[in-house]
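A.B. asks: Here it is: the structure, laid out below.
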Amino acid sequence: MDLREKKTLRAIKNSFLQLRSQKALERITVKELCELSEISKTTFYLHYKDIYDLSEALQGELIEEIMCGITHPEYFLSDSAEFTKELCYAYYSQQQLVDILFSGTQAAILPVQIEKKLRAYLSENFGPLEENYDILLTYLVQGSHSLYREHSRRYDTEKLIHIVGIASKAAADAIRNDSSRSTKLEH
């Protein structure tokens, strides 16, 4: 990719983020994005099908950044408190972009995609998750994201992450105990 194309893509991204921070995705037009980016519609359409394609591309990049912030996804299997702490820190490290790209009608996309990527990683590296652990993954990812969305601006970050860790450990311990009990009952 040459320098001119990089500058064009950066202008599109920056303009989109500016507009997206001010209004819902559904209210952004290609015309106003192009005017703000100082590019033609033809140039925009060389790179993206529409505003939604651009949004999905930027969301995908951000999801990858968040996933990189989860340095030990395998902790899900052994230390749920640390796993959810890493997950929360990964959200917090990208808070400004999360709040812009995953607001309004887009809010539910982030935890679903994070869960999907984590499930794929865990299955690929450790085999398919047992039913209880599959449910636990949903609970931890969706729950920690919900707490992040609801409370990240109202409470101290460290305290919130600490509480999420305690709740995650309690849930994981209950699942592990239930799994152990079920295994014993089967034998």
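The values are calculated or read from the model by the stated rules, or taken from the named source; none is laboratory data. Model, not experiment: these values are computed from the prediction. Here Cβ is always computed from backbone atoms with ideal geometry, including for glycine, and neighbour counts include all displayed protein chains.
A.B. asks: With the condition kept exactly as written, say whether any residue in region 39-60 is modelled with pLDDT of 95 or more, closer than 17 Å to Asp99 by Cβ and not in a helix (DSSP H, G or I).
C.D. replies: Looking through region 39-60, none of the residues is modelled with pLDDT of 95 or more, closer than 17 Å to Asp99 by Cβ and not in a helix (DSSP H, G or I).
A.B. asks: Separate question: Output the residues belonging to region 39-49 that are of a type outside the set (Phe, Trp, Tyr) and either in contact with a helix residue (DSSP H, G or I) (Cβ under 7 Å, 6 or more places away or on another chain) or crowded, with 18+ Cβ neighbours inside 10 Å (or both).
C.D. replies: Result: Ile39, Ser40, Lys41, Thr43, His47.
A.B. asks: Please go through region 100-127 and pick out each residue that is closer than 21 Å to Asn14 by Cα and part of a loop (DSSP other than H, G, I, E, B).
C.D. replies: Matches in region 100-127: Phe102, Ser103, Ala107.
A.B. asks: Still on this structure, I have one more. Output yes when any residue across region 45-53 is in contact with a Pro (Cβ under 9 Å, 6 or more places away or on another chain) and among the aromatic types (Phe, Trp, Tyr), and no when none is.
C.D. replies: no
A.B. asks: Tell me, which residue of region 25-37 that is under 18 Å from Ala57 (Cβ atoms) and surrounded by fewer than 14 Cβ atoms within 10 Å (Cβ to Cβ) is farthest from the chain's Cα centre (by Cα)?
C.D. replies: Thr29
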